[in-house]
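Any read-out appearing in this document is the output of simple, stated calculations on the displayed coordinates, not a laboratory observation. Bear in mind the structure is a predicted one, so any value in this text is a computation, not a measurement. Heads up, the Cβs are rebuilt from the backbone with ideal geometry, glycines too, and the neighbour counts pull from every protein chain shown.
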Amino acid sequence: MTDILPSSDSVRQLVAQFDAELAQAKSTRDRQTVRDRFLGRKSGVVAAWMQMIATAPPDQKKQIGRWANELKKAIEEIWLGYQQAEAVVVGLQGIDVTLPGRAPRLGHRHPLTLVRDRLEEIFTRMGFAVVEGPEVEDEWHCFDALNMPAEHPARDMQDTLYLASPIPGDSPADHRTLLRTHTSSMQIRYMQAHAPPIRIVVPGRVYRRDDLDLTHSPAFGQIEGLAVGEGLSLADLKGTLLAFARQMFSPTVRVRFRPSFFPYTEPSAEIDLSCWQCEGAGCAMCKKTGWIEIGGCGMVHPAVFEAVGYDAERNTGFAWGIGIERIAILRYQVEDIRLFYENDLRFLEQFPY
Ligand SMILES: [Zn+2]
């Protein structure tokens, strides 16, 4: 075939021949053989014509070159068409194009994440900044600075998980390291780094030496709030918590403070909300009392301000701590805290947003 001389007739003839031979070829291998006879780098007819350009008389070089290129282009185009058709056939093997498409399964956020996001949203809207801190803490940030010196009985109140080695380059050598028992340690870190006035919420995980049961977990979520400035009062604290409770649960909820004790606040109180399900009449959710406890709060103890170098005469502040699981249990009417940790999709799928 390489002895066919270049001419416009032979271009047409060869292109038609190539097309016809490909159409007759029965396998990919046969088609490849046909292709090589035309486009093969050494023995293909296109290659032969290209070589003729070099030996042709000068006045014919240009014309031969044109025919050679014309042939090459036409044959390559036909070949490409066959290759594409072949790719489609290969791609379709094993696929039934008449079947309906498969919709990808969409994931969604965990109910505890939904609650945490909602808490952050509410407090952010009230002007609180969201900050996070380390879960591995030292005793000073977790206890001493929060008015709980070494022999303080409150230090035993919380069964703490201590760690074997100190935080490198962070804690003084005589301070043991631990898994934080409350997010209040971040109050200290934040106040050390920022001058008043401040307004922050600290969501995060805390750890206690507790067994996992219906209502307890050794690791759980907390959201801490802290506001410090001049002239802040208990009324500001109550107003903040009331605004939060009404956005979180029901617009008619009331807040009640019950006297309590925490070393880092004075006065201290437990936060009760009027039951939004029975409106105070008594139901299972409020255990027939009409009130639901959601956390603790109080005015920041002057000793805490002194520990971080704040002027305790000039500044007042309020703080609170609320359990994230506690809020989730109330919001979603879940009775067993363990359901939040088991990652059973049948449970999790009930909280699509
Ligand atoms: Zn009730």
| field | Extreme residue, positive dipole direction of segment 8-92, given options GLY44, GLY81, SER10 (C-beta unit charges) | value | GLY44
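Using unit Cβ charges (K, R positive; D, E negative) and no other charged atoms, how large, in debye to the nearest 20, is the dipole of the chain about its Cα centre?
On the way: 39 positive and 46 negative charges, 374 e Å.
Result for the chain is approximately 1800 debye, rounded to the nearest 20.
Need one number for segment 8-92: average projected area of the convex hull over its C-alpha atoms, nm². It would help to have the intermediate numbers written out before the result.
Details: hull surface 22.6 nm².
With every direction weighted equally, the projected area is 5.7 nm².
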| field | Cα convex hull volume per residue for segment 111-348 (Å³) | value | 132
| Straight-distance crosslink candidates among lysines, where the alpha carbon sits under 30 Å from LYS73 and sequence neighbours closer than 8 are dropped | LYS26, LYS42, LYS61, LYS62
| message | Quick check for me: using +1 on Lys/Arg Cβ and -1 on Asp/Glu Cβ, what's the dipole size of segment 1-145 about its Cα centre, in debye to the nearest 20? | response | 1340
| note | Among LEU234, ILE53, HIS110, the residue whose Cα sits farthest towards the positive end of the charge dipole of the chain, when +1 is placed on the Cβ of each Lys and Arg and -1 on the Cβ of each Asp and Glu, is ILE53
| note | Treating only Lys and Arg (+1) and Asp and Glu (-1) as charged, each at its beta carbon, one finds that segment 246-299 has a dipole about its Cα centre, in Debye to the nearest 20, of 160
| said: What is the angle, in °, between the Cα long axis of helix 28-39 and the longest principal axis of the Cα atoms in the chain? Nearest 10 is fine, range 0 to 90. | reply: 60
| Pick from ILE271, ILE200, ILE53: which is most flexible by mean-square fluctuation in a GNM of the chain where alpha carbon atoms under 10 Å apart are linked? | ILE53
| request: Taking DSSP loops as anything outside H, G, I, E and B, show the longest stretch in the chain free of GluC sites (Glu not before Pro) there with at most 16 other beta carbons within 10 Å. | output: 1-131
| field | Any cysteine of the chain lacking a neighbouring Cys Cβ under 4.7 Å - listed by number | value | CYS142, CYS297
